[in-house]
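Before any comments, here is the structure.
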Amino acid sequence: MVESTYGTSFEAIGTESLDLVVKLDRATNKRMRLDFFTKRFEAQQKHPEAFISMAASRAGEMIGIVCCHLLQGEFGSDDRVAVLDALAVKPESQGHGIGHELIQHLITKVRESGGKELRTQAGWNQPEVLHFFASTGFKLAPSMILERSTQDVDF
């Protein structure tokens, strides 16, 4: 466990924290992702070297989470790349640097794991999320994500 100058502690999390993580993520992101986090923590238990999950706590209460997975040989490079899967800070704790601290601790862990880059994605219609990521040093990637419905495909 690491403690910041603001009295926030940061520690690794896993399956034992599933209910708290799901509740915090739902309060922050307004979605119920029980299946996502259940599968994620199961995969993390099987391959702990491929995942980083941390919680920020104050006075024993979880107030933020960050989760990423590590990939090798993806995105056209042989370097190890971390992909940020989940970030949530309790709504009443937002605006106090918790998210920035979580990202900084995550970057430290990614470097320790041999990661050279941290990637994530956000919707263009989420200006507050885009602003947050920009404020933590993320920049627009040179590639675009393309998608196409598989409904009514006739080739």
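Every listed requirement among (1) on the phi > 0 side of the Ramachandran plot; (2) touching a helix residue (DSSP H, G or I) at 6+ places or on another chain (Cβ under 7 Å) is met by Cys68 save one, (1). Entry remark, region 118-136: residues being in contact (Cβ under 8 Å) with a residue 12 or more places away in the chain and either more than 16 Å from Val83 (Cβ to Cβ) or in contact with a Lys or Arg (Cβ under 8 Å, 6 or more places away or on another chain) (or both) number 2 in total.
Out of all the residues in region 63-71, is one or more under 16 Å from the mean Cα position of the chain (by Cα), at pLDDT 90 or above and over 23 Å from Ile98 (Cα atoms)? Yes; the residues of region 63-71 include at least one that is under 16 Å from the mean Cα position of the chain (by Cα), at pLDDT 90 or above and over 23 Å from Ile98 (Cα atoms).
Checked against the criterion of being on the phi < 0 side of the Ramachandran plot and of a type in the set (Phe, Trp, Tyr), region 126-133 contains one or more residues that satisfy it.
Residues that are under 25 Å from Glu11 (Cα atoms) and of a type outside the set (S, T, N, Q) were ranked within region 135-150; the one that is surrounded by the fewest Cβ atoms within 10 Å (Cβ to Cβ) is Gly137.
Screening Val129, Val81, Val153 for residues that are surrounded by 12 or more Cβ atoms within 10 Å (Cβ to Cβ), of a type in the set (A, V, I, L, M), more than 19 Å from Arg33 (Cβ to Cβ) and modelled with pLDDT under 95 leaves exactly one candidate, Val81.
The values are calculated or read from the model by the stated rules, or taken from the named source; none is laboratory data. Please read all numbers here as calculations on a predicted model, not as lab measurements. Here the Cβ is made from the backbone with ideal geometry for all residues, glycine too, and neighbour counts use every protein chain on show.
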